[in-house]
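Handing you this structure, nothing more for now.
Only the coordinates and a few stated rules stand behind these numbers; no lab work does. Being a predicted model, the structure only gives us computed values, none of them experimental.
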């Protein structure tokens, strides 16, 4: 179908819902709807949180999981089971006086 016809139909539907609106209002409304569609994309998959803070937390959680996955892959064959063990050994190595105390 012709894009102009589609645009006129959208304008007609908007005008019915908002009789006092002008072309600028329609353009803002149309662009806002397009932006909403882009935000609901496949950024995080699954359930997309309604709040931006929730979306940010979901993304940070995924980054954290990936970081742990790659860290565990890097530790493979070293005898260490967790990245925390590596951190403790690194801290002990950096200490000037290393003593084991109870």
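If you line up the long axis of helix 23-39 against the longest principal axis of the chain, both from Cα atoms, how many degrees apart are they, to the nearest 10?
Approximately 30 degrees, to the nearest 10.
Quick one: angle between helix 3-17 and the longest Cα principal axis of the chain, in degrees between 0 and 90, rounded to 10, please.
The angle comes out at about 80 degrees.
In µm²/s, what is D for segment 43-102 at 25 °C and 0.890 mPa s, where D = kT/(6 pi eta Rh) by Stokes-Einstein and Rh is the Kirkwood radius from Cα pairs?
Answer, rounded: 169 µm²/s.
Hey, what angle do you get for helix 52-75 against the long axis of the chain, alpha-carbon based, 0 to 90 degrees rounded to 10?
The answer is roughly 30 degrees.
Hey, in the GNM for the chain with a 10 angstrom Cα cutoff, which one of 62, 20, 28 fluctuates hardest?
Among 62, 20, 28, the largest mean-square fluctuation in the Gaussian network model of the chain belongs to 20.
Can you tell me the length gained on complete extension of the stretch residue 28 to residue 59, counting 0.36 nm per residue apart and subtracting the Cα distance?
Working it through step by step, the gained length comes to 8.3 nm.
Still on this structure, I have one more. Taking the chain as a Gaussian network, where each spring joins two C-alpha atoms under 10 Å apart, which residue of 32, 13, 74 fluctuates the most?
The residue that fluctuates most here is 13.
Only helical DSSP H runs with n ≥ 4 go in: add -39500 (n - 2.57) per run for the chain, normalise by residue count and round the 222 nm mean residue ellipticity to 500 deg cm²/dmol.
Value at 222 nm, helices only, nearest 500: -22500 deg cm²/dmol.
Of 53, 25, 17, which has the largest mean-square fluctuation in a 10 Å C-alpha GNM of the chain?
Sorting by GNM fluctuation, first place goes to 17.
Eigenvalues of the Cα gyration tensor times 5, then square-rooted: what semi-axes does that give for the chain, in whole angstrom, largest first?
Each semi-axis is √(5λ); the values are 58, 15, 10 Å.
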